[in-house]
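Novice: Here you go, one structure.
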Amino acid sequence: MTAGGLTPPAGSVSDAPVLQMIGVTKTFGGVQALRDVDFDLAPGEIHGLVGENGAGKSTMMKIIAGVYHGFEGEMRVDGRPVHLRSPADALAAGIGMVHQELSIVPDLTVAENVFLGVQPIMAGGVVDWGRMKREARTQLASLGLDIDPSTRIGSLPVGLQQLIELSRVLFSGAKIIILDEPTSALSPPEVARLFDALRRLRAQGRTIVFISHFLDDVVDISDRVTVFRNGSKVITERTSALTKDSIIAHMIGRGAADMHMGESTELSGDDSRAVVLSATGLSDGQMIRDISIKLRRGEITGVYGFMGCGQVELARALFGKGKLTSGDIKLDGETVSFRSTATARRAGIGYVPENRRMMLFRTEPMYKNVSIAILDKIDRFFLRPSRERAITEGHIKDLQIRPPLPNIALGNLSGGNQQKVALAKWLTEIPKVLILSEPTRGMDVGAKEDVIRIVRSLRDRGVAVLVLSTEPETILTLADRVTVLKRGVVAREFSSGHIDKADLLAAA
C-alpha cells in the first residue's frame, strides 16, 4: 500500500471507494487553491482531513458538496463520473455537508428543523405535524438522542443543535457526510456524544469526512487521515500509523528544511514590566472558563487557538461587550467593571474586532471612520469636519493608507487599508490597552507588513497590546509572550525562549 492509496478501515463494507477525486485542480482569480489532488473515501469509514488555514481542504470539500464547480479533474461516486453544479445536485448524489456555521432556525421546533423545506404534506396541502414529529423522533433516536421534537431548537445547547442539523442531512438520504469543524464550539461531554453518534453512523455503512484543527479529536475518531498543505495532498494514511506530532510535521512541512520567517521566534516576555490589565478567573458560562491573563506595558501578548477556542469571547469581555458570570478585571491595579464599550473606551481600552464591518462604516468617508472614537475630544458640542480631516491626513501619512484621500468612502479601500483605518481610530489618543482580533487576516504580504510595523510601534510607545489570532504566523511574528487557549481554558503559556509553529499546534 502506498501512503496516498486507498486502505479500507476496519468495518468498511467494501474495498471499492465510494468517492474518488482524480487530478483535481481549482483556481480562484489566477491563484491555485488545489493542484492535481487525488482523494478517495471508503464506505463505512470516518476520514479525518487536516491542514493549516488555506491548505485547500475546505476547497476540496466544497467541490465535493457541490458548492464550487468548474474545476479541472474528475469526480466519481460509486465508480461513476458525476458533475455537480449545486448542493442540491450533491444531495441527489448522496452527499451532504454540515457547515461550521449552523443553518438551524432557532425559533422553530426540533421537528421543523429536521424537516426544514421538506415537510410531509397531507391532502389539501396541510402539514402532517404528527408524522413529522414521529419521524423526527425516530431519526434522532438513530443518533442516540431522546429529545422532544416539539422543543424550540434555540433553547438547546450547541452540541445538540449540531446533532439535529446532522440528523437533517441524514434524513436527506446522504451516505457521504462532510462535517466542517464539528467540535470547535463543543464541551468535552458534547464531543463524546457526537463521537458516539458518528460511530453509530459508521456502523450503518455511512462515510464521514471529519474536518478539524483539533488533532486530538482527529486521532480519536478517524480511521484514516489525509493531510493537505499549500493546495496539495501530502499524505493519506491509517490513523493507527500516525501520531499527533507526525501529523503536525506533515502539516507544516517541517523536515530537514529550516523554519521560515513567521514560523518560529524567540520570546522576550519581561515580568518586571508593569501590569496594565489583569484578568482573573474569567468565565461566561459558555465559551470561556476560568481564564486568567496579564497584559504588560510595552509588550505584545499573543493569544493563539483554533476557531471556537474562546478568543473572540475573551476579547469582547475585556472590552465590555461580553457578559461574564465570574472573574474580575483590574486596570492599573484597580478593579473595574466595563458595563459597556463606551466605559471601556473611556478607561483607556481600544478594540479592533476580527470583523472590520463591526466597527467601520463602509459608506462613510474615511475621516469619519477615523474620528468617530474621539468626537467628544475634538468638540463637545459641534462637529468639526475640517479638524477631523486634518487628524485623518496625519494618520494617512503615518500609516501609508492608500489612496490618501480622507473624503473617500471607506468601502472603496482594500481590506488591508481598511484595517489601517480601524487602527487609526485608536492612534489619535493612544490607549493604555489595545486589543486586536485577527489583525492581519485576509491581507496581502505588503499590507501585513504595514500592520505589523504599526502594532510594534504602539508596543514601543508603551501600549499593552493583546493580539488574538488563529494564524500561528501572526502570533509568532508579533508576540513577546503567548497564551494558548483550548476549548475555553488556558492550555499553555510561553513567556521566554524559542517557540515555533509546532509548539503552538501541539498545545492547541
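The values are calculated or read from the model by the stated rules, or taken from the named source; none is laboratory data. Every value quoted in this text rests on a predicted model; they were computed, and no experiment measured them. For neighbour counting, all protein chains shown are included, and Cβ atoms are generated from backbone atoms with ideal geometry for every residue, glycine included.
Novice: Does region 291-314 hold any residues that are modelled with pLDDT under 95 and among the acidic types (Asp, Glu), and which are they?
Specialist: Correct list: Glu313 only.
Novice: Within region 313-345, restricting attention to residues that are of a type in the set (Val, Ile, Thr) and more than 25 Å from the chain's Cα centre (by Cα), which residue is nearest to Glu393 (Cα to Cα)?
Specialist: Here is the first cut: in region 313-345, the ones of a type in the set (Val, Ile, Thr) are 325, 329, 335-336, 341, 343.
Narrowing the set further to residues that are more than 25 Å from the chain's Cα centre (by Cα) leaves 329, 335-336, 343.
Working: Ile329: 36, Thr335: 37, Val336: 35, Thr343: 28 Å.
Of everything passing the filter in region 313-345, Thr343 is nearest to Glu393 (Cα to Cα).
Novice: Same structure again: Could you please give the count of residues in region 389-413 that are of a type in the set (Gly, Ala, Ser) and farther than 11 Å from Arg362 by Cα?
Specialist: 2
Novice: Something else about it: Of the residues that sit in region 357-386 and are surrounded by fewer than 14 Cβ atoms within 10 Å (Cβ to Cβ) and assigned to a helix (DSSP H, G or I), which one is farthest from the chain's Cα centre (by Cα)?
Specialist: Ser386
Novice: Give me the residue from region 17-43 that is assigned to a loop (DSSP other than H, G, I, E, B) and of a type in the set (A, V, I, L, M, F, W, C) and, out of that set, nearest to Ile235 (Cα to Cα). Let's see the steps before the verdict.
Specialist: Within region 17-43, the subset assigned to a loop (DSSP other than H, G, I, E, B) is 17-18, 29-30, 42-43.
Add one more test, that the residue is of a type in the set (A, V, I, L, M, F, W, C), and what stays is 18, 42.
Numbers: Val18: 19, Ala42: 16 Å.
The selected residue is Ala42.
Novice: Go through region 206-232 residue by residue and tally those that are of a type in the set (Lys, Arg), at pLDDT below 95 and touching a strand residue (DSSP E or B) at 6+ places or on another chain (Cβ under 7 Å). If you could, list the steps in order and put the result at the bottom.
Specialist: Quick first cut of region 206-232, residues of a type in the set (Lys, Arg) only: 206, 224, 229.
Next, only the ones that are at pLDDT below 95 stay: 206, 229.
From what is left, the residues that are touching a strand residue (DSSP E or B) at 6+ places or on another chain (Cβ under 7 Å) are 206.
Residues that pass the stated criteria total 1.
Novice: OK, next. Can you name the residue in region 276-289 that is in a loop (DSSP other than H, G, I, E, B) and in contact with a Leu (Cβ under 7 Å, 6 or more places away or on another chain) and, of all such residues, is farthest from Met307 (Cα to Cα)?
Specialist: Applying the first criterion (in a loop (DSSP other than H, G, I, E, B)) to region 276-289 yields 284-289.
Narrowing further to those that are in contact with a Leu (Cβ under 7 Å, 6 or more places away or on another chain): 284, 288.
Working: Asp284: 17, Ile288: 13 Å.
This residue is Asp284.
Novice: Another question, then. Tell me, yes or no, whether region 406-419 has at least one residue that is surrounded by fewer than 15 Cβ atoms within 10 Å (Cβ to Cβ) and either in contact with a Cys (Cβ under 9 Å, 6 or more places away or on another chain) or without any contact (Cβ under 8 Å) to a residue 24 or more places away in the chain (or both).
Specialist: Yes, because at least one residue in region 406-419 is surrounded by fewer than 15 Cβ atoms within 10 Å (Cβ to Cβ) and either in contact with a Cys (Cβ under 9 Å, 6 or more places away or on another chain) or without any contact (Cβ under 8 Å) to a residue 24 or more places away in the chain (or both).
Novice: When the residues of region 133-170 are narrowed to those that are touching a strand residue (DSSP E or B) at 6+ places or on another chain (Cβ under 9 Å) and aliphatic (A, V, I, L, M), which ends up modelled with the lowest pLDDT?
Specialist: Leu170
Novice: For region 346-356, state whether one or more residues are under 18 Å from Gly285 (Cβ atoms) and more than 26 Å from the chain's Cα centre (by Cα). Quick ask: steps written out before the conclusion?
Specialist: Taking region 346-356 and keeping what is under 18 Å from Gly285 (Cβ atoms), we get none.
No; the residues of region 346-356 include none that is under 18 Å from Gly285 (Cβ atoms) and more than 26 Å from the chain's Cα centre (by Cα).
Novice: Still on this structure: When the residues of region 338-355 are narrowed to those that are in contact with a Phe, Trp or Tyr (Cβ under 7 Å, 6 or more places away or on another chain) and in a helix (DSSP H, G or I), which ends up surrounded by the fewest Cβ atoms within 10 Å (Cβ to Cβ)?
Specialist: Thr341
Novice: In addition: Kindly indicate whether any position in region 433-448 is in contact with an Asp or Glu (Cβ under 8 Å, 6 or more places away or on another chain) and of a type in the set (Val, Ile, Thr). Break it down stepwise before answering.
Specialist: Taking region 433-448 first, the residues in contact with an Asp or Glu (Cβ under 8 Å, 6 or more places away or on another chain) are 437-438, 440-441.
Filter once more, keeping what is of a type in the set (Val, Ile, Thr): 440.
Checking region 433-448: at least one residue is in contact with an Asp or Glu (Cβ under 8 Å, 6 or more places away or on another chain) and of a type in the set (Val, Ile, Thr).
Novice: In region 307-318, what residues are in contact with a Ser or Thr (Cβ under 6 Å, 6 or more places away or on another chain) and crowded, with 21+ Cβ neighbours inside 10 Å? Break it down stepwise before answering.
Specialist: Pass one, region 307-318, residues in contact with a Ser or Thr (Cβ under 6 Å, 6 or more places away or on another chain): 307-308, 315.
Across region 307-318, the qualifying residues are Gly308, Ala315.
Novice: Just to be sure, is Leu160 out of contact with any helix residue (DSSP H, G or I) (no Cβ under 7 Å at 6 or more places or on another chain), hydrophobic (A, V, I, L, M, F, W, C) and in a helix (DSSP H, G or I)?
Specialist: Working: out of contact with any helix residue (DSSP H, G or I) (no Cβ under 7 Å at 6 or more places or on another chain): yes; hydrophobic (A, V, I, L, M, F, W, C): yes; in a helix (DSSP H, G or I): yes.
Yes, satisfied.
Novice: State whether one or more residues within region 345-362 are in the same structural domain as Ser469 (by TED's automatic domain parsing) and among the hydroxyl-bearing types (Ser, Thr, Tyr).
Specialist: yes
The rows are residues; the columns are (1) at pLDDT below 85; (2) outside the structural domain of Gly269 (by TED's automatic domain parsing); (3) over 26 Å from the mean Cα position of the chain (by Cα).
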{"site": "Ile391", "(1), (2), (3)": "no, yes, yes"}
{"site": "Ser414", "(1), (2), (3)": "yes, yes, no"}
{"site": "Gly446", "(1), (2), (3)": "yes, no, no"}
{"site": "Ile452", "(1), (2), (3)": "no, no, no"}
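Novice: Any residue at all in region 84-101 that is at pLDDT below 90, touching a helix residue (DSSP H, G or I) at 6+ places or on another chain (Cβ under 9 Å) and assigned to a loop (DSSP other than H, G, I, E, B)?
Specialist: yes
Novice: Can you tell which of Ala185, Ala203 is of a type in the set (Gly, Ala, Ser) and modelled with pLDDT of 85 or more? Steps first, please.
Specialist: Working: Ala185 fails: modelled with pLDDT of 85 or more.
Of the residues listed, the single one that is of a type in the set (Gly, Ala, Ser) and modelled with pLDDT of 85 or more is Ala203.
Novice: Sticking with this structure for a sec: Of the numbered conditions (1) touching a helix residue (DSSP H, G or I) at 6+ places or on another chain (Cβ under 7 Å); (2) surrounded by fewer than 18 Cβ atoms within 10 Å (Cβ to Cβ); (3) under 25 Å from Lys330 (Cβ atoms); (4) touching a residue at least 60 places away in the same chain (Cβ under 8 Å), Ala506 satisfies every one except a single condition; which is it?
Specialist: Going through (1) touching a helix residue (DSSP H, G or I) at 6+ places or on another chain (Cβ under 7 Å); (2) surrounded by fewer than 18 Cβ atoms within 10 Å (Cβ to Cβ); (3) under 25 Å from Lys330 (Cβ atoms); (4) touching a residue at least 60 places away in the same chain (Cβ under 8 Å) one by one, Ala506 breaks only (3).
Novice: With respect to Gly462, is the statement that it is assigned to a loop (DSSP other than H, G, I, E, B) and at pLDDT 90 or above true? Outline the logic, then answer.
Specialist: On the way: assigned to a loop (DSSP other than H, G, I, E, B): yes; at pLDDT 90 or above: yes.
The answer is yes for Gly462.
Novice: Being more than 29 Å from the chain's Cα centre (by Cα) and among the aliphatic types (A, V, I, L, M) is true for just one of Val169, Val127, Val158. Which residue is that?
Specialist: Val127
Novice: Another question, if that's okay. Examine region 39-61 for a residue that is on the phi < 0 side of the Ramachandran plot, among the charged types (D, E, K, R) and more than 20 Å from the chain's Cα centre (by Cα), and state whether such a residue exists. Full working, then the answer.
Specialist: Here is the first cut: in region 39-61, the residues on the phi < 0 side of the Ramachandran plot are 39-43, 45-50, 52-53, 55, 57-61.
Now drop any that are not among the charged types (D, E, K, R), which leaves 40, 45, 52, 57.
Add one more test, that the residue is more than 20 Å from the chain's Cα centre (by Cα), and what stays is 40, 45.
Checked region 39-61: at least one residue is on the phi < 0 side of the Ramachandran plot, among the charged types (D, E, K, R) and more than 20 Å from the chain's Cα centre (by Cα).
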